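Worksheet for the structure shown next.
Bear in mind these aren't lab numbers, they're just calculated from the coordinates by the rules spelled out. Because the structure is a prediction, the values reported are computed rather than measured. When we count neighbours, we look across all protein chains shown, and the Cβ atoms used for this are built from the backbone with ideal geometry, even at glycine.
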Amino acid sequence: MKPAASIGAGVAIFASLVAIFISTRDRREPEAPVAAPVAAPAPAPAARKAEPPPAPAAEPAAPRAAAPRKTAPEPAPVVEAAPTLATLTLETDVPGASVFIDRQFVGNTPLTLDKLAPGSKRLQLTATGFDSVQKTVDLVAGPNAITVRIKEVSLNAKVPVVHKHGMGSCNGTLSATVDGLKYETDNKGDAFTLTYAQAEQFAVDYLQKNLRVKQRGGKTWNFTDKNDNADALFVFHREVEAARKKLAEGYTPVR
């Protein structure tokens, strides 16, 4: 049968071609193998510095004694400075009296003043119905306390006189205190001491230049002045009468 023979011949030819192809491939030069990537050489390790030999271990230090605890110093005592100004506490037996220091009004009693300069001060007190009281006070640095009595009376008056006798005269001194009158003279028979209650008359006649003292139920004395006027006799009489009036009003006598 012809068709089968043709097929067989074709297969034989194909097989021959395949064999030729394979033999031809085997005769080719072998491909060079692909070189594997070469890794970069690792850097050489740096040379290590020689370490110094370890220091010998120090011997343990002996324990230190505990330092004593410091105590805070006690504060120094505060020394107060000596006062340089004066303080004045002023009281009177008449409340509300006006007070003047060196002619300057400073208030009414009872009164306390501070920041005053120490030293001598002229003090004056006035109250309605009473005589003015004037006195000098010495203030010291620091506190000062003064009590002034407005309702008190003091008297120490003197006047040189001539005692007129029935015949002749004698010289002496007539004085007055809150206790009474006193006449002192070298003529002992004319000298006297009288309380105001014992004086029945005590009067001055300026024109006659005469001051008369009469003892109650007793003797009479007439005094004059060596001067041409009776001014000294008049002033003496006025001071005595002012004191006697205050004593009669209940003022406290100051002896």
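Shown in residue order for the stretch 154-171 are the 3J(HN,Hα) couplings computed by the Karplus curve 6.51 cos²θ - 1.76 cosθ + 1.60 at θ = phi - 60°: 10, 8, 8, 10, 9, 8, x, 9, 10, 8, 8, 8, x, 9, x, 7, 9, 9 Hz (x for Gly and Pro). Cβ crowding within 10 Å, taken as a proxy for footprinting-reagent exposure, orders 251, 206 from fewest neighbours to most as 206, 251. Assuming charge only on the beta carbon of Lys and Arg (+1) and of Asp and Glu (-1), the dipole of the stretch 128-193 about its Cα centre is about 80 debye to the nearest 20. Between the amide H of residue 165 and those of 170, distances stay under 5 Å, these residues lying 5 or more places away or on another chain, with hydrogens modeled in the peptide plane. Note on the stretch 155-231: the C-alpha convex hull projects to 5.1 nm² when averaged across all orientations.
Normalised Debye scattering of the stretch 127-255 at q = 0.11, 0.14, 0.15, 0.23 Å⁻¹ gives log10 I(q)/I(0) of -0.47, -0.69, -0.76, -1.41, counting only Cα atoms as equal scatterers and leaving out solvent. Once backbone amide H atoms are built at 1.01 Å from N, residue 177 has no partners under 5 Å, excluding neighbours fewer than 5 places away on the same chain.
Might you report the magnitude of the Cβ-based charge dipole of the stretch 154-254 about its Cα centre, with Lys and Arg at +1 and Asp and Glu at -1, to the nearest 20 debye?
Working: 14 positive and 12 negative charges, 42 e Å.
In debye, rounded to 20, the stretch 154-254 gives about 200.
For the stretch 86-150, the convex hull spanned by the alpha carbon atoms encloses 68 Å³ per residue. Pairs from the table (182/219; 188/214; 121/158) lying more than 20 angstrom apart at Cα are 121/158.
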